[in-house]
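Participant: Take a look at the following structure, please.
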Amino acid sequence: MSDREPVNGGFEDTYTESQVILVAVRIIAPFTLTYGLFMTLHGANTPGGSFQGGAIVGVTILMIAFAFGIEPTRQWLANSVIVALVTGGVAVFVGIGLATIALDGAFLEYARFESIGIAKKWGMEAIEVGGIALIVSGVIVTLFFATAAGFATDGFDETEEPTDD
């Protein structure tokens, strides 16, 4: 990416390609992604859990963005994918909670699953893996891309005084 084009209303992209960083990220990213997935999948059984696993998966995406450029990564990982991750995580969380209510229990009372032959552990695993990890990784990536985009100042004059309308 040696050609620099104006982006975001005229600001130049300050991305500089570094062969050291590219090679390091190509080597490290699969390991951090695997470790994040490991922590997520063992979230209910071991210290750490799906929150930390989701954070590691999200930060792996940030590491890729730093190495290969934020805009190419944003284009590779479309907003619809990130929204689907967060929405899917919330849907799993609420769905499990409503399922326990439908089984005459309280919200997220996993013991109610035993009445239909499902171990209590699987309700917690569904929340940990399918809910929390997806939400955390999606929110981390979303916040990073929103912060990297900056604020649009189109139509804003700094010399104007604010008025009360």
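The values are calculated or read from the model by the stated rules, or taken from the named source; none is laboratory data. In this text, all values refer to a predicted model and were calculated from it rather than measured experimentally. In this analysis, Cβ positions are derived from the backbone assuming ideal geometry, glycine residues included, and neighbour counts consider all displayed protein chains. Please note that ligands, DNA and RNA were not included when accessible areas were found on the heavy atoms of the full protein model with its side chains. Shrake-Rupley method; radii C 1.70, N 1.55, O 1.52, S 1.80 Å.
Participant: Provide the solvent-accessible area of residue 135, counting protein heavy atoms only and rolling a 1.4 Å probe, rounded to the nearest 10 Å².
Facilitator: The value for residue 135 is about 50 Å².
Participant: Same structure again: How far apart, in nm, are two points set 7 Å out from the Cα along the Cα-to-Cβ line at residue 98 and at residue 116?
Facilitator: 1.3
Participant: Would you mind putting 87-94, 126-133 in packing order, based on average other-beta-carbon counts within 10 Å, highest first?
Facilitator: For the peptides 87-94, 126-133, the packing ranking is 126-133, 87-94.
Participant: What net charge is computed for the residues neighbouring residue 112, neighbours being all others with C-beta under 12 Å from the C-beta of residue 112, Lys and Arg scored +1, Asp and Glu -1?
Facilitator: Value of the local net charge: -2.
Participant: Continuing with the same structure: What number comes out for accessible area per residue over the stretch 62-136 if the probe is 1.4 Å? Units Å², please.
Facilitator: 54
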